[in-house]
Each structure stands twice: as C-alpha cells, then as structure tokens.
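Below is one structure, written out as structure tokens; the observations come after it.
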Amino acid sequence: MKFQTPAGHNPIDRMSVVGQPLDRIDGPLKTTGTAPYAYEQHDAAPDAAYGHVVGAGIAKGRIRRLDIKAAERAPGVLAVITADTAGPLEVGPHNTVPLLGGPEIRHYHQAVALVVAESFEAARAAAGRVRIEYEAHAGAYDLEAARTTATAPEANAQMGEPDTQVGDFLGAFADAPVRLDETYTTPDQSHMMMEPHASIARWDDGTLTLWTSTQMVEWCARGIAKTLRMDRSKVHVISPYIGGGFGGKLFLRADALLAALGARATGRPVKVALHRPLIANNSTHRPATIQRVRLGATRDGVITAIGHESWSGDQPGGGPETAVSQTRLLYAGANRLTAMRLAVLDLPEGNSMRAPGEAPGMMALEIAMDEMAEKLRLDPVEFRIRNDTQVDPENPERPFSARPLITCLQTGAAQFGWQRRDARPGRVKDGQWLVGLGMAAAFRNNLPMTSGARVRLDGDGRITVETDMTDIGTGSYTIIAQTAAEMMGVRMDQVEVRLGDSTYPVSAGSGGQFGANNATSGVYAACIGLREEVARRLGFNSQDADFADGQVRSGNRSAPLASAAARGEIVAEDRIEYGDLHKTHQQSTFGSHFVEVAVDGATGEVRVRRMLAVCAAGRILNPKSARSQVIGAMTMGVGAALMEHLKVDTRRGFFVNHDLASYEVPVHADIPHQEVIFLDETDPMSSPMKAKGVGELGICGVAAAVANAIYNATGVRVRDYPITLDTYLDRLPDVA
Amino acid sequence: MIPFTYERPGSPAEAAAAAAKPGAKLIAGGTNLLDLMKLEIETPVHLVDVNGLALDTIEATGDGGLRIGALVSNTDLAADARVRRDYAVLSRALVSGASGQLRNKATTAGNLLQRTRCPYFYDTAQPCNKRSPGSGCSAIGGMTRQLAIIGASEACIATHPSDMAVALRVLDAEIETLSGEGTTRRIPMAEFHRLPGDTPEIETALNAGNLITAVILPRPVPGRHVYRKVRDRASYAFALVSVAAIIEDGGRGRVALGGVAHKPWRVEAAESELARGARATTARLLEGARPSRDNAFKITLVERTLDAILSDARGAQ
Ligand SMILES: Cc1cc2nc3c(=O)[nH]c(=O)nc-3n(C[C@H](O)[C@H](O)[C@H](O)COP(=O)(O)OP(=O)(O)OC[C@H]3O[C@@H](n4cnc5c(N)ncnc54)[C@H](O)[C@@H]3O)c2cc1C
Ligand code: SF4
C-alpha cells in the first residue's frame, strides 16, 4: 500500500480497540520469567556451548603476540576463535569498525578472541588464560583537544547537509539588541539496557540460525550475511523478546558474529553474551558533543538570529552526533545557521542512542532558550510561544503536518502550576532545600519507514499477524494486536502476534521512535488486503463492508468472519510505503517538560520532586504503553541531566567506568512523581494510523528542564552535563 | 574465575587454621569476594566458608558495650534495637550502604574487608599496584574523582568504600581476631585499616589467615549520632564523602570521614575544633590533603556537610 494522500476516515478511527489502555499481552510471560530471551532459548538449542569474549586491553595499536595455547588446553575448552582462525570477514553495512579485531586494534575492548567451552565458567576461566602482547600506538581520545581538527562530515539522508544557512546569520546576530553566545557540552553515554547483547548461533548445512537480541531483524541478518560473506537467504534471525536496546542493538554486534564463528568452528550451537564490563567499550555509545548556541532577538523577544554548531568525534568512517537537527525546525527566526563538525577519535564506535541528535541537541538548545528568556525578562514559556513557527523555518513552503507546540506548552504550564514559579533564582527555600522549577520544549521528528506484515485468518475466526517487527519492551506486540483486532473486528484474545523472525515480512523495526507508527501501518495495509479477500469470498463489496464483533456486515446482510476461511486459511501480505507527504510536510512530534527540583543547600545534591510531560504525537495507539515509554524516557532524561557519563581516560583511550557500579543511572529513589499528558491529536499526514512516535520525544528536553530548574533553585547555571554537585558546589549560595 | 576447592569448617579455630594455608581465602556473604573472583582480581585456590560458624549474635559486654559476631548481617546489625538506640551512627551508616538485598547477605567482617571501588582496580588490563604490586597506578593522572584526597601515596590513591567502618571508627570499636595458631588479638579501629604507602596491597593489620570473630563496641557515646552520606544519586551508590559524627550539646563531639582516604579518616586532635565550627575542624581534619583537580571538591563538600550537621545539632538543642 502506498500512502500518498492524507488519510481519510478509516476503520482505525473507531478506536474501539486501538487507543485503549490495554495491558501488554506479553506481560504475563515476562513477569513469570517464561518469555525466552536470546540467551534463554534452551529448547531451541539445548546442547549449546558457551562463548566468552576477550576484549583488547589497549585502545589503539597492534597485537604483537596472541598466545591461546594455555586457553586451548584449559578444561572444557572446545575452541578459541581469533582473527587468525576466523576466516575472512567483511565489515557489515552499519558497522564502522571490524567486530573481531586483530592484528590491528581500533578501540579498547574490541573483541580479539572468543573462547568456547562446555560451560560458562570453563569458558570464562579459559578466557583469562589468553595471553596478548600489544604494541600500543598513540591515539586521539579527547574531543576538546581534537575539536580544531574536526571537519564537515558528508551529507546523508539521515542528517541532511552538515551546514545550513538562511539569511545573514552573522549580520543579524551582530545587530541583535539582545544576544546569547554560550557553549555547552554533553558527555559520552552508554545505553546500559538491562539485557546485555546476547546471541545463540546454530549451523545446519550452511544455514545459520541466530537467536539474538536485536532491534532490527533485517539489519542484523544483512549484517551477518555481509560479514561472513554468505547469502542473505542462508541466514535466519530470531528475536522475539528484547530486554531493551535504546539504539545499542540496532545492528550486528560482536555477540552475534562471535556466536556464529564459534558455532561454525565447533559444530555445536554456541551462546555468547557480552559481559557487562565489556559492553561500554566493546559496543556503541552516544558520542559526546561540544555545542555552541548563538541567539539574537529583539527586545520584545522575537528571535532574529539562531545559530547552533556541534562538534563530535568518531572512529574513521563514522558519523557525527546530529545535535543541531532540532534547531533547523523548532523555532522561527529569519537568519539561521547550523553546522556539524566531526573529529576522528580512537574511542569506541559512536552511534545511535535514544533520540540521537535531538536528545543531546535539546540539552544545549533548551538551556540556551532559558538563558535568553532571562536576558529578555520574559517567561521561558512565553518566549518559546513567541517564536513558534508553523512552517519549516529553513524551507517556509513546507508547513508542519501538525504542530501543537503552543498547546503543549500552555497545557503543561497550567497543569504544573508554572505561574507559581518565582523567576528570580534562589528565592524558594524548604528547610535545607532550595527549590526551583524549570521547563523545556520537547521535539523529535517522525520518520516514515517502509514496513511489511502478513495476516492470516483461520476457520475459527482467529487472526495471526507475522512481521519481523521487534518488541524491545515498548509494547509492539500489544499495539499490533490492537491494530489487527480493530481492522478485522475481532477481540484481542482472537489475535496472535508473531514478531522478530526474519522469515516474516520485513518491518520498520524498532528505533528512532519509528516502530509503532510504521509497524502498525504495515499491519493496517496487510489487513486491508485481508478484508478485501474476506469480502470477496463472502460476496460483499469491500468498500462498504463493516468488520465488527466477529461479523462482516453490509447493508442488512451479515456473515461470520470465520466463515470466509471455512475452506482454508486466508493469508494477506502487504507493506506500507510512503509517498512524499513527509517531503511536502514536515512531520514532527512536540511536547513540553516541566520539572521541580530541590537542591540541598549544603551539599548541592539534587532531588527531582515532580515531573510532567505533555506530548503531541499523533494518535496514541495505547495510552498505557505510551505512558510507560514516556516515563521511561523522562527517567533517562534525569539520568542524562544528573549522572550519566562515560568518563574518558584521555591518556589510555577508554571509558573507565564501564560497569553498572560506576556508570550510574537513576534508581527508584531518584524518580519522583511523574505525570504524562497526551494531547488528543491525529495526524492524517503521517500514516493511515495517524500516529507518530513517543518513545524518544519523552527524553528530548528533559535534561535541560532539570538544568533550568536547578538554575531557578540556586542561581547557578551549569552548561556541562551531567550536572553533578562538584561542578557547582563552590558557586552555591553560602550555607546559612 | 579460576577453579578452587571449598570447605566449611565447624569451628573458628579450624577456620583460622584452614585460612592460614597458602592460596586460601575466607568467604562470608560473598558479595564482594565473588565479584572479585569472577574478574580474577582475587584468585584463591581454596575457599573457607565461615557461614557455619556460630558467630552471628550480638551480645552485651560486661562493661556496657556490645559484642557483634563477625557473621551478623548488615541488615540485622542495623535493625538491632540496642544499636539503633545507643549506636545510631552505626545503624545509619549501614542502611546508607548498598541495597537491601546486599545488606541481607553482607556480614560485619566482610564489610570491614571489602575492597576499594577504584575503577582501575577492577580492570585487569590496567596497571594497578593494589591488584598487581609493582605494576604502577593507572588512576594517578586519570579518573580520580572518587579517589583519595588525603593519606594517599605515589603508589595508590584508592579509598576504602565501607560506610559501616566510618561509624565504627567514630565509635572507637575494636576488632577481635583469631589466628591460625589460636591466638586472639583485639585491634582498635584506628589501627585496623592501613594507609597505602608502598604496599597498597596490604590493607589491614590482619595477618594471613586471621579470622575476624567479632567487633566490640565500647560503652555508648552520648550525643547526637549522625551519618551523612553524599553521593551522585539518591541511593545505591558509594559515597563521594560521608561524615560520621557524634555531637554533644555545646558542640563538642567526634567526627570521622568516609570517601576521602584509604581508611576511615579521623583525626582526634581536630575534634577540639568542633565547637569553633566546620571550617576550623575541616582545616585540621584534612590538613595536608593533596587532592587532584577532579576531587578537590571533596574538601569543600566535607566542610559544607559538616557545617550542616553542626547547625542541625545546634538547632535541635
Ligand atoms: C552493588 C554493590 C553496592 C555496594 N554498596 C555499598 C555501599 O554503598 N556502602 C558499603 O559500605 N558497602 C557497599 N557494598 C559492599 C558491601 O557492603 C560488601 O560487599 C559486604 O559488606 C561484604 O560482606 P560479605 O560478607 O559479603 O563479604 P565477602 O565478600 O564474603 O568477603 C569480603 C572479604 O572479607 C573476608 N572475610 C569475610 N569474613 C571474614 C572473617 N570472618 N574473617 C576474616 N576475613 C573475612 C573475605 O575473605 C573477603 O576478603 C556494595 C556492594 C555491592 C556488590
Ligand atoms: S589507586 Fe590504587 S587501586 Fe586504584 S589503580 Fe592505583 S593502585 Fe590500583
């Protein structure tokens, strides 16, 4: 189905199942521990051997000598795989650096060996017997130091051009009566999802079956096929349950490749999980940024010049953190400049993490907006309202498909009690605590992606959906079932959803908050096909047939849906493909974040007290799972604001705090009362579902809202994340 | 983890004798030792499990103190009514540490002997004098934000991470040990943990195979018992700094610090400054501190935290 014109009235508009806050259908499996995650596919691979990964102990250089003899002789060892023994390997389409290093080492903890043994313990013990001598080379590990060497990255579809300019930014900025020019930094961050990267591989006659934890089944399948130089059709990827990904599991990683190599070498299924201390340096991370924001405005708060430049680093051949993307679209302003610069760093590979680009970009831009509002003596909500735009400000002929940013801001302000905020910082005390309120806008684009599905109707009137879409904890199973139930007029318990299998039609996958809208639209397309076939078999005109309560009705005639399949299952398959509505119309999601913090007047410890997010993201397919996405994102935003930080040892070139004891994320005690409001909205330009995404919108702006609240509480402005107490302790007001 | 043998002795004497053999190590709750064994930072070839020993009671001593068995769990110790009433600083320090699940497993002796949280200590690809004596210290000049500001050496700048130990130091507790040959000793907390010097791998005054049998608390110290732990998140994190204090009316009292040194940090002479306030006390307590750029904030943080404690105490009078 090609989606080329705005969606008209369609069966989803009934909202009898779609849009209901239903419990997730996979919930009982997960809460009882019976959902098989990749490492727990015991039935599929009962005789699996265990692989343990050895990571490089230097950041850059060469292996001089790799001695695996002692490891090979260790009890229970079946094989030791290294670059020498693995056979020829290519680099997958999404990978920047080879997943199995040696002799050249490109980053710390790049995998250099896999030890396969009868038990996990034997594999780990033998891995400790691998002896490696290195020749370490000097590398570049410090973004600040490498900043001057950064160059403009090549344009691509995802980020667009590295530089954009509208009007005369420099002139307008110089002439602006009120100006802000500040630099902000965001650190490297790790996804730290609960489930580590994990895979089981099995070979049968040259065909590889991979049970793995991946957000994008097809990307993983193509990645392993390319890396192992085999035919894509000889790869079967299975990934029904995923314990979080946040962008860390978008494509082939070392666990899957090494499991496949280990299984090939031993003739046994092999399972590999990356051990936690390896993940931060072995896998991908969100790259650090340095961002300069310049704003110029008239005295009454109209932005005349808006400039945002971002510097980040990556391995040779890698890409930039696209931290300026929201600034191209979020606020009006006749004179504009954005630029991204990329330095070569020898740190581990940078890549996507929840809301790549916008999450760190909004961390900077939305503090800048707060600072500018203060200079203008304007309320920060009002300042943003004054600079709203209903068209793409770089291409004014492109309107937004829907843009209720102002409603988000006003609703949030009213619900949160924003009018009680004292604009003068450091004025509100509660015992030992300094209390402050902060806010930020939220913004993240909607990404249309082709997505396929197959639907089956059997003689009992049951619907089965098959798509390689994944559920990374987001609720995909449930919203897909809701879509099929709505389309076919059956109950939820009459729908079975099968996900995460590369023999199913290729879906959008999970990432970039594009999963929900595109995957359900693919199911919608397949259901339209199924409805047509059902109508044909029952002798209805599909245009005016109504599917409800297990019946198909037209005029005063009706027939049970099941009867259409009385003589055999009916199968329909289709995919959603997009025309150019997203080119003629900018499609984005909007929101506002409001935060109350208390800062200990003596120690500077920050405690978030209340949070509110207001989101406009098109149709909300399931308010319960959507809310869960947003509160998770808000929590991650608090982490970004206050603690998450991969600390680079710039001498040795690695992330030092590479475990969950030292890479801190919020715990329950850090997370206060959280509220989420969804605006009642549909976006007919986005898809037949009229939905967009929420999972990333929920993080964009949160950290800045926290930073702004800390400023309001204390009068201390911190422009370097995370805002830990040591960064401002000496600037706190004296204790009483 | 390397393969090891395991035994469960029936008496403290047997345990101490077994632990004195080369390559042997005692194990209690295992919450620290097992993690370190998995990473091959500790590589015992023989484990002596003390859990069967009847060392898990808290009893009153003849002179009005408490004798805490080495195996009393952190949870039970924190919840003991006498501890909560008379040694509240200890109870508060314990509950500020780790998580409920860990405190259920963690023992009094194990807590005292838990090893540093220096991140380089945990990465066996990096030089570390504490882990591999003589290999060098990769933390110096690297990520030092959590590390020591005082009492450190050119060989090691690690801190001791225990919260409980800081309270025991302010309470002047003593550690009772039993050697493989059957001799018992009582080691004052002040002498129990060592500064790193040239031998950061030697962390305590224990000799090889010494079994801790109990921790002895002297008679309760009157005053307001405070344990204030400052950290980067609200719970489940090690201290940036912590302050254990007992403040009497009139502002006299005792104070010990966590998160600043290789041992709980207490300078008795500094306590005479308490009545003059946090600035004077901190200046004496941390005299000679040599922080790095990344952890110099700990000095300010100690002073501000102590100041809040003292003003709270004044307010409560
Ligand atoms: C995630 C995490 C967070 C933590 N957070 C904190 C925190 O915030 N604050 C804090 O203070 N601690 C914290 N801890 C540490 C925790 O308190 C210790 O792991 C625990 O107290 C150790 O006790 P155990 O009985 O498990 O010791 P074990 O791991 O069994 O042993 C530790 C050491 O003590 C020795 N040992 C044990 N018993 C005896 C004995 N009777 N005689 C002689 N030697 C003995 C062992 O040989 C070993 O060397 C944390 C730990 C973890 C894993
Ligand atoms: S500070 Fe001590 S524990 Fe840390 S690396 Fe140096 S020697 Fe090892």
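The values are calculated or read from the model by the stated rules, or taken from the named source; none is laboratory data. Treat the numbers as computed from the prediction; the structure is a model and nothing was measured. Don't worry about glycine lacking a Cβ; one is built from the backbone with ideal geometry, like all the others, and counts go over all protein chains shown. Quick note on the areas: whole protein, heavy atoms, side chains included, nothing else; ligands and nucleic acids left out. Shrake-Rupley method; radii C 1.70, N 1.55, O 1.52, S 1.80 Å.
Could you tell me which chymotrypsin sites (Phe, Trp or Tyr not before Pro) in segment A:663-723 are loop residues by DSSP with no more than 16 other beta carbons within 10 angstrom of their beta carbon? List each step's numbers first, then the result.
Details: sites: A:663, A:678, A:711; in loops: A:663.
Passing sites in segment A:663-723 do not exist.
What quantity of accessible surface, computed with a 1.4 Å probe and excluding non-protein components, is buried in total between chains A and B, in Å² to the nearest 100?
Details: alone 26830 and 14080 Å², together 37900 Å².
The contact between B and A buries close to 3000 Å².
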What number, in percent, do you get for the relative contact order of chain B if the mean sequence gap of Cα pairs under 8 Å and at least 6 apart is divided by its residue count? 19 percent
Separation of the residue A:460 and residue A:388 label points, Cα + 7 Å toward Cβ, nm: 5.1 nm
In a Gaussian network model of chain B with springs linking alpha carbons closer than 10 Å, the residue among B:60, B:28, B:158 that fluctuates most is B:60
Square roots of 5 times each gyration tensor eigenvalue, C-alpha, segment B:229-317, largest first, Å: 21, 16, 11
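For peptide A:127-137, how many partner chain Cβ atoms fall within 10 Å of a residue's Cβ, on average?
On the way: counts 1, 6, 2, 0, 0, 1, 0, 1, 0, 0, 0.
Per-residue shielding by partner chains comes out at 1.
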Could you order peptides A:96-109, B:124-137 by the average number of other Cβ atoms within 10 Å of their residues, highest first? A:96-109, B:124-137
Taking the Cα centre of the protein assembly as shown as the origin and placing charges on Cβ (Lys, Arg +1; Asp, Glu -1), which of A:663, B:220, A:572 is farthest toward the positive end of the dipole? B:220
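Can you give me the relative contact order of chain A as a percent, contacts being Cα pairs under 8 Å and 6 or more apart? Intermediate values should be presented prior to the final figure.
Details: 2009 pairs, mean separation 126.7, N = 736.
Contact order relative to length: 17 percent.
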Among the lysines, which have Cα under 16 Å from the Cα of residue A:234 when same-chain residues fewer than 8 positions away are ignored? A:226
Hey, got the dipole for segment A:449-577? About the Cα centre, +1 on K and R Cβ, -1 on D and E Cβ, debye to the nearest 20? 320 debye
Could you let me know the centre-to-centre spacing of segment B:18-37 and segment B:192-229, using Cα atoms, in angstrom? 18 Å
Mind checking which lysines have their C-alpha under 16 Å from residue B:25, skipping anything on the same chain fewer than 8 residues away? B:38
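Treat every Asp and Glu Cβ in chain A as -1 and every Lys and Arg Cβ as +1, leave all other atoms uncharged, and give the resulting dipole magnitude about the Cα centre to the nearest 20 debye. Kindly include the intermediate steps, with their values, before the conclusion.
Working: 75 positive and 86 negative charges, 57 e Å.
Once rounded to the nearest 20, the dipole reads 280 debye.
As an exercise, identify the GluC sites (Glu not before Pro) in segment A:637-717 lying in DSSP coil whose Cβ has no more than 16 other Cβ atoms within 10 Å. Walk me through the numbers on the way to the answer.
Working: sites: A:644, A:664, A:675, A:681, A:696; in loops: A:644, A:664, A:681, A:696.
Qualifying residues, ordered by number: none.
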Roughly speaking, what is the stretch gain from residue A:62 to residue A:182, that is 0.36 nm per residue apart minus the C-alpha to C-alpha distance, in nm to one decimal? 39.1 nm
Are there any residues in segment A:655-671 with a reduction of at least 40 Å² in accessible surface when going from the isolated chain to the assembly of protein chains? Probe 1.4 Å, please list them by number. A:656, A:664, A:667
Work out the charge dipole of the protein assembly as shown with +1 on the Cβ of Lys and Arg and -1 on the Cβ of Asp and Glu about the Cα centre, then indicate which of A:393, A:244, A:642 is farthest towards its positive end. A:642
Which order do the peptides A:167-179, A:268-280, A:571-583 come out in when sorted by mean C-beta neighbours inside 10 angstrom, highest first? A:268-280, A:571-583, A:167-179
At what distance in nm do the modelled label points of residue B:13 and residue A:233 sit from each other, each positioned 7 Å from its Cα along Cα→Cβ? 7.9 nm
Once neighbouring chains are kept in place and the probe is 1.4 Å, which whole percent of the accessible area of segment A:449-577 is contributed by carbon and sulfur? 40 percent
Rolling a 1.4 angstrom probe over the protein chains, ignoring ligands and nucleic acids, what is the accessible area of residue A:203 in square angstrom, nearest 10? 60 Å²
Averaged across B:137-144, how many Cβ atoms of other chains sit within 10 Å of each residue's Cβ atom? 3
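Tell me, what is the per residue accessible area of segment A:449-577 in Å², probe radius 1.4 Å? Intermediate results must be reported in sequence, preceding the final value.
On the way: 4450 Å² over 129 residues.
It amounts to 35 Å² per residue over segment A:449-577.
With a ≥ b ≥ c the root eigenvalues of the C-alpha gyration tensor of segment A:449-577, is it rounded (a/c under 1.5), prolate (a/b larger than b/c) or oblate?
On the way: a/c = 2.07, a/b = 1.98, b/c = 1.05.
It is prolate, given that a/c is not under 1.5 and a/b is the larger ratio.
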If you average the alpha carbon positions of segment A:48-76 and of segment A:419-477, how far apart do those two centres end up, in angstrom? 42 Å
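Multiplying the sequence separation of residue A:398 and residue A:583 by 0.36 nm and subtracting their Cα-Cα distance, what value in nm do you get?
On the way: separation 185, 0.36 × 185 = 66.60 nm, distance 0.78 nm.
Length gained between residue A:398 and residue A:583: 65.8 nm.
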Helical mean residue ellipticity (222 nm; -39500 (n - 2.57) per DSSP H run of 4+; nearest 500) of the protein assembly as shown: -7000 deg cm²/dmol
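Provide the FRET efficiency to the nearest 0.05 for the residue A:563-residue A:154 pair, computing r from the beta carbons and using R0 = 45 Å.
It comes out at approximately 0.20.
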Which lysines does residue B:229 reach when only Cα atoms under 21 Å apart count, and residues fewer than 8 places away in its own chain are ignored? B:263, B:298
Just the Cα atoms of chain A, one point each, no solvent: what log10 I(q)/I(0) does Debye give at q = 0.05, 0.12 Å⁻¹? -0.26, -1.35
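Which order do peptides A:636-643, B:84-91, A:560-567 fall in by mean Cβ count within 10 Å, highest first?
On the way: A:636-643: 27.6, B:84-91: 20.8, A:560-567: 17.2.
Top of the packing list down: A:636-643, B:84-91, A:560-567.
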Put +1 on the Cβ of every Lys and Arg and -1 on every Asp and Glu Cβ in chain B; which of B:101, B:283, B:15 then has its Cα farthest towards the positive end of the dipole? B:283
Please list, short to long, the whole-number percent of alpha-carbon pairs of chain B in consecutive 10 angstrom bins beginning at zero. 6, 27, 35, 24, 7, 1
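Can you compute the FRET efficiency between residue B:268 and residue B:219 using 1/(1 + (r/R0)^6), with r the Cβ-Cβ distance and R0 = 22 Å? Round to the nearest 0.05. Don't skip to the end; give the middle numbers.
On the way: r = 18 Å, r/R0 = 0.80.
Efficiency for this residue pair is about 0.80.
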Under a 10 Å cutoff between Cα atoms, tell me which one of B:189, B:164, B:143 has the largest fluctuation in the Gaussian network model of chain B. B:143
Residue by residue through segment B:53-60, the couplings from Karplus 6.51 cos²θ - 1.76 cosθ + 1.60 with θ = phi - 60°, in Hz, x for Gly and Pro, are 6, 7, 10, 10, 10, 10, 10, 6
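Ignoring any ligand, DNA or RNA, what whole percent of the accessible area of segment B:184-249 comes from carbon and sulfur when the probe is 1.4 angstrom?
Values: 1240 of 2630 Å².
Of all accessible area on segment B:184-249, carbon and sulfur atoms account for 47 percent.
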